[in-house]
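This report concerns only the one structure given below.
The values are calculated or read from the model by the stated rules, or taken from the named source; none is laboratory data. Owing to the predicted nature of the structure, the values given are computational and were not obtained by experimental measurement. Note: ideal-geometry Cβ built from the backbone for every residue, glycine included; neighbour counts use all protein chains shown.
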């Protein structure tokens, strides 16, 4: 049976620094953080009468959007507390935030929720490829 997944991408801009890091990231700097939310896998039998597993309007206006907005234009060091604000730790935190409502928010598709975070430097004069985690 064919398995389907849905992906929703969004982004936010935020600053951080990595105290104790031996390199330029020890200094305050900003990134454009891209978030990829993958819903699934599920099969056609999970689709509703319109052929929809999950209404993307609910992601864009609902809980997932509110989770992402709490990070926008913030200092991640303040939001993560004692946890170093690395891309890996941030991805883990966003996953936990989204998984908190996934149990009721994604039941329509019987979908599992996976957050994967990538980042791109927001400074125009620096070019660095996106690194998936």
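Looking at region 63-74, which of the residues that are loosely packed, with under 15 Cβ neighbours inside 10 Å and in contact (Cβ under 8 Å) with a residue 60 or more places away in the chain is farthest from residue 34 (Cα to Cα)? Outline the logic, then answer.
We begin by selecting, within region 63-74, every residue loosely packed, with under 15 Cβ neighbours inside 10 Å; these are 65-66, 69-70, 72-73.
If we keep only those that are in contact (Cβ under 8 Å) with a residue 60 or more places away in the chain too, we end up with 72-73.
On the way: 72: 11, 73: 13 Å.
Residue satisfying both the conditions and the ranking: 73.
Any residue in region 3-11 that is closer than 20 Å to residue 95 by Cβ, surrounded by fewer than 14 Cβ atoms within 10 Å (Cβ to Cβ) and within 12 Å of the chain's Cα centre (by Cα)?
Yes, region 3-11 contains at least one residue that is closer than 20 Å to residue 95 by Cβ, surrounded by fewer than 14 Cβ atoms within 10 Å (Cβ to Cβ) and within 12 Å of the chain's Cα centre (by Cα).
Report whether or not residue 89 is part of a helix (DSSP H, G or I), touching a residue at least 60 places away in the same chain (Cβ under 8 Å) and surrounded by 14 or more Cβ atoms within 10 Å (Cβ to Cβ).
No; evaluated as a whole, the condition is false for this residue.
Considering 91, 87, 99, which residue is over 13 Å from residue 11 (Cα atoms), at pLDDT 85 or above and within 13 Å of the chain's Cα centre (by Cα)?
Going through 91, 87, 99 in turn, just one is over 13 Å from residue 11 (Cα atoms), at pLDDT 85 or above and within 13 Å of the chain's Cα centre (by Cα): 87.
Any residue at all in region 28-39 that is modelled with pLDDT under 80 and loosely packed, with under 15 Cβ neighbours inside 10 Å?
no
Considering region 26-70 alone, what residues qualify as being under 24 Å from residue 84 (Cα atoms), assigned to a helix (DSSP H, G or I) and touching a strand residue (DSSP E or B) at 6+ places or on another chain (Cβ under 8 Å)?
64, 65, 68, 69
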